[in-house]
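Below: one structure, written as structure tokens.
The values are calculated or read from the model by the stated rules, or taken from the named source; none is laboratory data. For clarity, every value in this text was computed on a predicted model and none was experimentally measured. A quick note on method: Cβ atoms are made from the backbone with ideal geometry, for glycine too, and the neighbour counts reach across all protein chains shown. With ligands, DNA and RNA removed, areas are computed over all heavy atoms of the protein, side chains included. Shrake-Rupley method; radii C 1.70, N 1.55, O 1.52, S 1.80 Å.
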Amino acid sequence: MAINVIIIDDEKGARESLHKLIEKYCPQITVAAKATNIDEAYQLIKELSPQLIFLDIEMPNGSGFDLLKKFDHIHFDIIFTTAYDHYAIKAIKYSAIDYLLKPIDIDDLKNAIQRVLQKQKNKSIQNEQLLSLLNNIKPEQTDKKIALHEGDGLTFVRLKDIIRCESDGNYTTIILEGNRKIVTSKTLGEYEELFANENFFRIHRSHLIHLHHLKKYIRGEGGYVIMSDGSQVEVSRRKKQEFLDKLSFL
Amino acid sequence: MLIRLLLFICLSFVSVLYAQVPLFKQLQEQDGLLSNKIYDLKFYQGYLWIASDKGLSSYDGKQFTHYFTQQGLSENEIIKLQSDAANRLWAVGASSRLNYFTQGKFLLLPSNETFLKLLNNRIISTINSESNGDVIVTTILGGGTIRIKNLTQVETLKQDWVNGASFFVKQLSPDQFIWGSNSNAIVNKKLRVQLLKKNQEINLSASQGYSKASFIKLMSGEYLYAKDQELIHFNDSIIIGRSFLEKNIECVYEDHEGKIWVGLNAGGAVCFPMGTISQGGYFSYFGNKTISAICGDKKGNLWFASIESGLFYLPPNPYSNYTPPKVFSSEKLNKTKNNVQTTNSNNSLLINNLLNDDVLTLNKDSVSIKNNADTLPPLIYISGIKINEKDTLPGNYYALSYSENSIKINYAAFSAVNNQKFQFRYRLTDFDKDWIYTDNTFAQYNALPPGDYLFSVSAMNAQGVWSKENANVFFKISPPFWQTLWFFILLVSFIAVLVILFFIIRVKQIKKREQEKTQLHKRIADIELQALRAQMNPHFIFNTLASIQYFITDNNVEAANQYLSKFAKLMRSIIYNSRKKTVPLKDEIQALELYIQMEQLRCNYSFDYEIKCSENIDQNDDEIPGLLIQPYVENAIWHGLTYIKDRKGILKISLDKKKDFIKCSIEDNGIGRKKSMEIKAQSLKPHQSVGMSITKERLDILNSFQNNKLSVNIIDKINQQTQEAEGTTVEIFIPLFD
């Protein structure tokens, strides 16, 4: 079954090179159209109803997100393409949506397409992913949502609700308000990086806490903290000073 | 440390102002005395008691307390004071009434009939206390000698020879009295002193009459008796020395150093500095004032009461324990003392001059000289020394401050022959080159510079015989503190400390400045790095690479090569330029051109560009901070030119040199700042203009180093007809960096 795709990018080079790469390495999909800005893209999507779009984020006359905003329901898969945009990539990661970095690596492209093809079509999940993305992308947004891989599916939680994360080998247990726990297949390091600009702090090799939920710090060699759910978490000796410095800024 | 040093300096100054040679000072009515007419002085219970014609006063060195009839005195005019063994102070009124002071008030001796009768308005001449508390009073003119027991009983002491006419009595010990009396006052008017213990009489003087007499026991155990003009020094058995003064004697006193002071009627006071009575060997003070009493206090002050001028006093001499250097003939003076050898049974005093075995005999009627009077050398002595016009305590050593440098020395000579005329010669060693010969009896030196001086004087009699030995006085005038060695050392160390402090502070300052500089440099480095990162905008890099990727996927090897090498060139120049503070304009323009070409590629050549560089710019030599213009160009492209659809974009960059700066204008025909911002505001995704904020910060730092400030001017171009924006011009004024 051939899949129709639309490439949306303002730069000719990027557009054309992606087109060529798809033609050459991904025979299972067909490029139905190319758009240079979001207005053009909107029209084309409506006309052609593609199963997948490659969407550039940074474009004059409206970003990729602005395009998505125009749809009430999205019936197509999305792979974002971007040269470099730390901020946007973070938001995409929060929502667990696929993205490609330009210049495009052929293997990455193949993998992304593979995932789209294999993915169980669950439009409601995808919609939720997109909603959380559009929600998170707002700069003033404080109530961010994050999609967590739990088993095969995705669970959406509010960043606010995360009390702490605990490492368990290659898995990470995320402890949420209301005694909920989610075990994810990502490492604690990945979460530390993901939450880098949020109010999180790695107090221990296997503990990342949300300072928003910090109730008390008890002094000791390293000391320990008591979180809002009453759990006690040890602070490592190595991290103590940095932690105290951080606290003094709060 | 500094404070301690300053304190040390201050204290040192204080120590320089240490006690100077004591000079006589005066207290008079205006200083608090009741009267300048003072009859007697006594030091009693820590106070100096002053008897005057207007009342009795006590003085503690600061304040006077006065006693009058209101305080219990019989009369205000008090002529005599005496303390007794029962710790009472007796005050004799002018009308011979006896008051005594005890427990803070004066009481009149009970008017015992016997006592009143005995006194009978006679003048009380002496009042003496006995060790048991009894008081013995003598009166002039036949009142006799009265003993007052327990303040109530009165008895007349009957001694044959005293005969009721004794004028003087002193108890030396419980069983020893010394009496002075006119043994037969009317008949032969002989004065006698009886030493009761040995039951022996010594005829002391032929002086007659009832005039005032004084008697003291000296510290040596010897006695000094004075009456009229005569002064007699004797011990239990013999007369040691005697001297006739020119005026009647009012009082005698031995001070704590053993100097003998004699107060004279209308003749001032004289001092025998060696404690020996020798004819002429004394200093004179107070001119022709009448000194009625002399008394020392606990602090060592010596007080003099005068009948007409109030009180004088002499503060204690801080050098009294000083042993003068060998040069001074203190030995000589001592020798004089030794030479005065006394004898004798017929009222004569013999002075042996050991040096030539001459014997000088003085007796009450005449002075005779054995051997040849013509060849007898005259004795020379210093009779007074004034420092800065003020009398001083006699001495042979004076330590003076630099301001006490005006010295007048009076000297006198005497010999056995009366009315001799003397010739003197004197010399101040190290000041006078030679002896100075004169008839004057004083030498005056004004404004002596600091130093050590020895004043020597000797006399020659009419026969041309010089004194055997000179009279000498040593003066040490200390330099003012600013001329002393220690001051110099102090000054040098003070300056050294200041210099060190200065250096310490300076070093700290420099360190601090260096630190600040380092910090600033670090910040500059940070900014430079950020500037580099802004040029190497990842967005730009990766997008450019994506564009080049297209040529590769399109098999356009030539174009791929061309752009890849251009891109490499741009990257290289950005990295290279970012290491330098300033770059030649040529390099900057080249990098700019490469950059624009890359952007053109990305934008599919939707705009054209031109770079104009005016003739007056030396592209090789004129330098500007690198990577400065690029962010403005990027802005023009991505926020102005990429939005336009209806026309071809045009980017114009022109560089012009004006005086000492380069004017760079970047002109685009894009949509203008306002519209660009509107579009961005609509977008979900926030715009982060990192490049511009870094550039702004960089400008601030560059400006903090320069007097010529970098400045940026943004002009919105408006179409006159449509009133629509038709682009933006940015003008950057870059001072030329040498």
Quiz item: Before we move on, is residue B:525 more than 30 Å from the chain's Cα centre (by Cα), among the hydrophobic types (A, V, I, L, M, F, W, C) and loosely packed, with under 12 Cβ neighbours inside 10 Å?
Solution: yes
Quiz item: If we scan region A:200-215, do we find a residue that is of a type in the set (Phe, Trp, Tyr), farther than 24 Å from residue A:133 by Cα and not assigned by TED's automatic domain parsing to the domain that holds residue A:96?
Solution: no
Quiz item: When you look at residue A:76, is it within 12 Å of another protein chain (Cβ to nearest Cβ) and under 27 Å from residue A:154 (Cβ atoms), yes or no?
Solution: no
Quiz prompt | Count of region B:625-680 residues which are assigned to a strand (DSSP E or B) and over 23 Å from residue B:584 (Cα atoms) | solution = 3
Self-check item: Filtered residues of region B:595-614 (kept if aromatic (Phe, Trp, Tyr) and surrounded by 15 or more Cβ atoms within 10 Å (Cβ to Cβ))
Solution: B:595, B:607, B:609
Quiz prompt | From B:399, B:413, residue being in a strand (DSSP E or B) and modelled with pLDDT under 85 | solution = B:413
Practice problem: Tell me the strands (runs of 3 or more DSSP E) entirely within region A:47-122 that contain at least 1 residues that are under 30 Å from residue B:640 (Cβ atoms), under 15 Å from the mean Cα position of the chain (by Cα) and without any contact (Cβ under 8 Å) to a residue 24 or more places away in the chain. | Solution: A:99-101
Quiz item: Given the structure, is residue B:645 open to solvent by 20 Å² or more (accessible area, probe 1.4 Å), within 14 Å of chain A (Cβ to nearest Cβ) and under 21 Å from residue A:11 (Cβ atoms)?
Solution: yes
Quiz item: Can you find even one residue in region A:124-131 that is in contact with a Gly (Cβ under 8 Å, 6 or more places away or on another chain) and modelled with pLDDT under 80?
Solution: yes
Practice problem: Name, by its number, the condition in (1) surrounded by fewer than 22 Cβ atoms within 10 Å (Cβ to Cβ); (2) of a type in the set (A, V, I, L, M, F, W, C); (3) away from every other protein chain (no Cβ under 14 Å) that does not hold for residue A:68. | Solution: (3)
Quiz item: residue B:114: assigned to a strand (DSSP E or B) and at pLDDT below 75, yes or no?
Solution: no
Practice problem: Hey, can you tell me all the residues within region B:654-665 that are crowded, with 22+ Cβ neighbours inside 10 Å and under 18 Å from residue B:692 (Cα atoms)? | Solution: B:664
Exercise. Would you confirm whether any residue within region B:552-571 is in a helix (DSSP H, G or I), open to solvent by less than 30 Å² (accessible area, probe 1.4 Å), more than 14 Å from chain A (Cβ to nearest Cβ) and not acidic (Asp, Glu)?
Key: yes
Quiz item: Is it the case that region A:117-133 has a residue that's open to solvent by less than 30 Å² (accessible area, probe 1.4 Å) and more than 17 Å from residue A:53 (Cα to Cα)?
Solution: yes
Quiz item: Is there any pair linking a residue in region B:620-640 that is on the phi > 0 side of the Ramachandran plot and within 14 Å of chain A (Cβ to nearest Cβ) to one that is at pLDDT 85 or above and in a loop (DSSP other than H, G, I, E, B), with Cβ under 6 Å and at least six apart or on different chains, and which?
Solution: none
Self-check item: Flag if residue B:520 is of a type in the set (A, V, I, L, M, F, W, C), open to solvent by less than 70 Å² (accessible area, probe 1.4 Å), on the phi < 0 side of the Ramachandran plot and in contact (Cβ under 8 Å) with a residue 24 or more places away in the chain
Solution: yes
Quiz item: Residue check: is residue A:88 within 8 Å of chain B (Cβ to nearest Cβ), open to solvent by less than 10 Å² (accessible area, probe 1.4 Å), at pLDDT 85 or above and touching a strand residue (DSSP E or B) at 6+ places or on another chain (Cβ under 8 Å)?
Solution: no
Exercise. Sort out which residues of region B:475-504 are open to solvent by 70 Å² or more (accessible area, probe 1.4 Å) and touching a Ser or Thr at 6+ places or on another chain (Cβ under 8 Å), and write them in order of number.
Key: B:486
Quiz item: Does residue A:9 satisfy the condition of being within 12 Å of chain B (Cβ to nearest Cβ) and at pLDDT 90 or above?
Solution: yes
